[in-house]
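First the structure, in the form of structure tokens, and then the observations on it.
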Amino acid sequence: FRGGAGAPAGKSGGGYSFTKPAGWQQVAATDMRLLNFTAGEEGAVEIYVSETGGGMLDNVGRWFRQFAKEAPTQEDLSAMPRMVVLGGEGILVQTSGTFSAGFGRPEAPGFALAGVIGQTKAGVLTVKMVGPEAAVQGEMEAFKAFCASLQPGE
């Protein structure tokens, strides 16, 4: 990854500029979500950008545990596909099953996650999409286009 967050410019938020896919609705950012969107029927799919600490393997392991899956090894992470985000290379992570978000939210069977994770100067950047499996699959091309458009603000 190049850079990290900068000042917002153009279509921007959270210190990033981006092209919002058609059909995505931008919703208010939170303490943990620098950019926050919904998509799909009744906004069933959540897409958000976060900066976090820890390592990439730890964060991907947490994502897998949210689906009651065994955390990947470093070798597993190295074998995952790559895609462009922030003008650099991120790791594309996908899993599905019963999603347990925690924070008092009920478990959600038949959900999927698609996420891109990469190291920045400031820490770890994640772009995460979670929702019903068919809806997440239906948003994959828009997700990839969004990730490719994401740039540090000027």
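The values are calculated or read from the model by the stated rules, or taken from the named source; none is laboratory data. On a predicted model such as this, the values are computed, not experimentally measured, just so you know. Here Cβ is always computed from backbone atoms with ideal geometry, including for glycine, and neighbour counts include all displayed protein chains. The accessibility values were calculated without ligands, DNA or RNA, using every heavy atom of the protein model including side chains. Shrake-Rupley method; radii C 1.70, N 1.55, O 1.52, S 1.80 Å.
Observations, loosely collected:
- Contacts under 6 angstrom Cβ, first residue in segment 100-114 being farther than 18 Å from Met32 by Cα, partner part of a strand (DSSP E or B) and of a type in the set (Ser, Thr, Tyr), 6 or more apart: Glu107/Thr98; Pro109/Thr98; Ala112/Ser96
- Qualifying residue in segment 107-117 (condition: of a type outside the set (Lys, Arg), within 17 Å of Phe146 (Cα to Cα) and open to solvent by 10 Å² or more (accessible area, probe 1.4 Å)): no
- Of all residues in segment 135-154, those satisfying the criterion of being assigned to a helix (DSSP H, G or I) and either touching a residue at least 40 places away in the same chain (Cβ under 8 Å) or exposed (fewer than 14 other Cβ atoms within 10 Å of the Cβ) (or both) are Ala135, Val136, Gly138, Glu141, Ala142, Phe143, Lys144, Ala145, Phe146, Cys147, Ala148, Ser149.
- Verdict on Ala28 being open to solvent by 70 Å² or more (accessible area, probe 1.4 Å), touching a residue at least 24 places away in the same chain (Cβ under 8 Å) and out of contact with any helix residue (DSSP H, G or I) (no Cβ under 6 Å at 6 or more places or on another chain): no
- For the condition touching a residue at least 60 places away in the same chain (Cβ under 8 Å) and within 19 Å of Cys147 (Cβ to Cβ), Gly53 does not qualify.
- Where strands (runs of 3 or more DSSP E) sit wholly within segment 52-134, those with at least 3 residues that are farther than 25 Å from Lys20 by Cα occupy 88-99, 108-119.
- Lone qualifier among Thr95, Thr73 - being crowded, with 17+ Cβ neighbours inside 10 Å and more than 25 Å from Ala29 (Cβ to Cβ): Thr95
- Counting only residues that are of a type in the set (Gly, Ala, Ser), modelled with pLDDT under 95, in a strand (DSSP E or B) and closer than 17 Å to Gly115 by Cβ, segment 13-41 holds 0 of them.
- Selected residue (criterion: most open to solvent (accessible area, probe 1.4 Å)) from residues of segment 42-57 that are at pLDDT below 95 and among the charged types (D, E, K, R): Glu42
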